[in-house]
1. Counting residues that are open to solvent by 10 Å² or more (accessible area, probe 1.4 Å), which strands (runs of 3 or more DSSP E) fully inside region 221-301 reach at least 3?
2. Any chance you could count how many residues in region 304-324 are open to solvent by 10 Å² or more (accessible area, probe 1.4 Å), within 11 Å of the chain's Cα centre (by Cα) and either modelled with pLDDT of 95 or more or not charged (D, E, K, R) (or both)?
3. Mind listing just one residue for me: the one in region 61-101 that is in contact with a Pro (Cβ under 8 Å, 6 or more places away or on another chain) and within 25 Å of Lys276 (Cα to Cα) and, of those, least open to solvent (accessible area, probe 1.4 Å)?
4. Does Glu117 satisfy being out of contact with any Leu (no Cβ under 6 Å at 6 or more places or on another chain) and farther than 23 Å from Asp233 by Cα?
5. Which residue pairs have Cβ atoms closer than 9 Å, lie 6 or more positions apart in sequence or on different chains, and pair a first residue in region 136-158 that is farther than 23 Å from Leu87 by Cβ with a second residue that is open to solvent by 10 Å² or more (accessible area, probe 1.4 Å) and assigned to a helix (DSSP H, G or I)?
6. For region 14-71, how many residues meet the condition of being among the aliphatic types (A, V, I, L, M), part of a helix (DSSP H, G or I) and within 28 Å of Glu171 (Cα to Cα)?
Amino acid sequence: MRSVVSLVKKTKKIGIVGFGLAGAALAANLLEKNVEFKVFSSRSKSASSRVAAGMFNPMVFRRLLKTWMADDILPFAQDFYTRFEQLLNDKFYFPKQYFKIFGEDEVEFWINRAQSEETKPYLSVSTLKSLNHANIKTPYGVGEVFGAGYLDVNVYLDRFETYLEKLTCFENKVIDYNQIILNKNQVEYENEVFDYLIFCEGSHGVNNPYFSAIPYRLTKGEVITIKADLSIDYALNKNGFVLPIGNNLYRVGATYEWKQLDEVVTSEGKQALVEKLENIVDADFEIVAHKAGIRPTLANRRPVYEQHKVHSQLAIFNGLGTKGVMLAPFFAKKLVEELLNSLE
């Protein structure tokens, strides 16, 4: 890290480090505001966004609580992704019916929560005894969650990256912290001057020397993709999820590991996922993929989007955790607006 003081012409240009859900949402906001920017992101560097199933839903199932800020972030995300489907001329945002399979004694609790002012927009008051599917285990019935679905994250990021490459504002590169030059009000990297450099590095953010005080609580997650002749187009949840992604393929997840923080798939993780699957469906299946990633979760389970306390030309957008699909568009917009307003 080097710090110098010099007079540099104002550029109104922003640099983004990382291109997962956070970095892509920032780039999208800057693109729509017609602000010059460049993304630095290495394809060789792992990203939890690429591993995640991309599911979103407005509920926290363990206690049937509404996801933090769901009323704001859910419709905002829907508008954002459908807008960018049109721009990128592809389909990657998929609303889905989502059913919670009840355990013993859960039906009454569900109905009570469904009648609560807080959660009733998202939970069906009526419950079903079954889904009329011979392969789905529903011994105590099911309830429907409204406002759920999934983002095909890889299609979204791949199409957007290609789009940005054509605009010459994407560079496949690992950034070297030692080559960052801090000027009085700007930041320079490889002879390019930026008003802000925003770090969106996911779990790799733990190695960032400028934001070393961020209280990360990283979690490892494993998911499998199976092939099965189930013929369902809705998602299911019971201490895990089964998500249809087309062509008789289903994503099954997820595990949570706080100690072994690597991206190596494990036999234990696979077995746990198979047990989750078999607790939901009774059908023959073939595992066709098994992946692991590190979620960039913070101790308070909230995203961090702020400027550096000393070097205000540096900022961070990270900590999206398991709700990244919903959180990224809304908070990217807030950060971009705050940064641009400070340049006026």
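The values are calculated or read from the model by the stated rules, or taken from the named source; none is laboratory data. Source: prediction; values computed, not measured. Positions of Cβ are generated from backbone atoms using ideal geometry, with glycine treated the same way; all protein chains shown enter the neighbour counts. These area figures cover heavy atoms from the full protein model, side chains too; ligands, DNA and RNA do not enter into them. Shrake-Rupley method; radii C 1.70, N 1.55, O 1.52, S 1.80 Å.
1. Result: 241-246, 286-295.
2. 3
3. The residue in question is Thr67.
4. Yes.
5. Lys137/Glu278; Tyr140/Val107; Gly141/Val107; Gly143/Val107; Gly143/Ile111; Gly147/Leu74; Gly147/Pro75; Gly147/Gln78
6. The number of residues fulfilling the criteria is 10.
One line per residue, one yes/no per condition, for (1) within 20 Å of the chain's Cα centre (by Cα); (2) in contact (Cβ under 8 Å) with a residue 24 or more places away in the chain:
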residue	(1), (2)
Glu161	yes, yes
Cys169	no, yes
Tyr189	no, yes
Ser212	no, no
Asp233	no, yes
